[in-house]
């Protein structure tokens, strides 16, 4: 019996540690994602600043070219008009690039909003569920430890000794002190009355559901 | 490509959870089903939603950054 319960206790501890590591990694993933989306948004903001400067310079060049063309003598007018056209093209391109960068910034802002919303909801769920899972598993761990350490009454241990793994786990989910009390008060049959796994499993099936609910309610409180 | 690290971490977290759950194989079906329904499934779903959101963000960021000048 002891080896089986110890194996169950190891499984419970492994699951408890796994849930903890899972929560830690998911938090790290969320933190990394927040850094990435912030970096992408910053890159878009920097690009928008550069494009605004380029547009400003292109607009100033265009105004200078237009002023030069307006006061130009006849023999230079065609040449300066070509310069105005080139400056106009340059300014148009700078405006187009700025619009594109602004669009990229807006798309990144939308992506960021969606991602952060999902991360927030997932982190809240993971925090709540992993904490409750860790608590339930800690409780199971403690109960298995009580069984293996021999603090459970000999009658109960004898019942466990006659039962299979399923029944041992059913007992492990329950409040062991309550079970031991019930045995001492004659509310549960002792090993003299229970001789098979089937009997014990039938006996515990109804109570297990109730105790699981109690455990869940306790952890919610 | 952005979100490589976070995607890897989220996928590792999911794998970690599956590995941990495999340790409960010896549990009674009833106990495991109760634990799964009450605690395990919401954790898996939360992790899956993060992975999905990261993949979507990866695509959205790549598309947006293609619009930025080189």
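The values are calculated or read from the model by the stated rules, or taken from the named source; none is laboratory data. All figures in this text were calculated on a predicted structure; none of them were measured in a lab. Every residue, glycine among them, receives a Cβ derived from its backbone with ideal geometry; neighbour counts consider all protein chains shown.
For the range B:31-57, the candidate set comprises residues that are at pLDDT below 70 and within 7 Å of chain A (Cβ to nearest Cβ); within that set, the residue that is farthest from residue B:5 (Cα to Cα) is B:31.
Here is a yes/no grid of residues against (1) within 14 Å of chain B (Cβ to nearest Cβ); (2) free of Cβ contacts under 8 Å to residues at least 12 places away in the same chain:
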| position | (1), (2) |
| --- | --- |
| A:62 | no, no |
| A:71 | no, yes |
| A:76 | no, yes |
| A:92 | no, yes |
| A:97 | yes, no |
| A:102 | yes, no |
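The single condition from (1) closer than 30 Å to residue B:66 by Cβ; (2) surrounded by 15 or more Cβ atoms within 10 Å (Cβ to Cβ) that residue A:117 fails is (2). The set of residues from the range A:104-114 being at the interface with another protein chain (Cβ under 8 Å from one of its Cβ atoms) and either surrounded by fewer than 19 Cβ atoms within 10 Å (Cβ to Cβ) or within 12 Å of the chain's Cα centre (by Cα) (or both) comprises A:107, A:110, A:114.
On the basis of being more than 8 Å from chain B (Cβ to nearest Cβ) and at pLDDT 95 or above, does residue A:57 make the cut? Against the criterion (more than 8 Å from chain B (Cβ to nearest Cβ) and at pLDDT 95 or above), residue A:57 qualifies.
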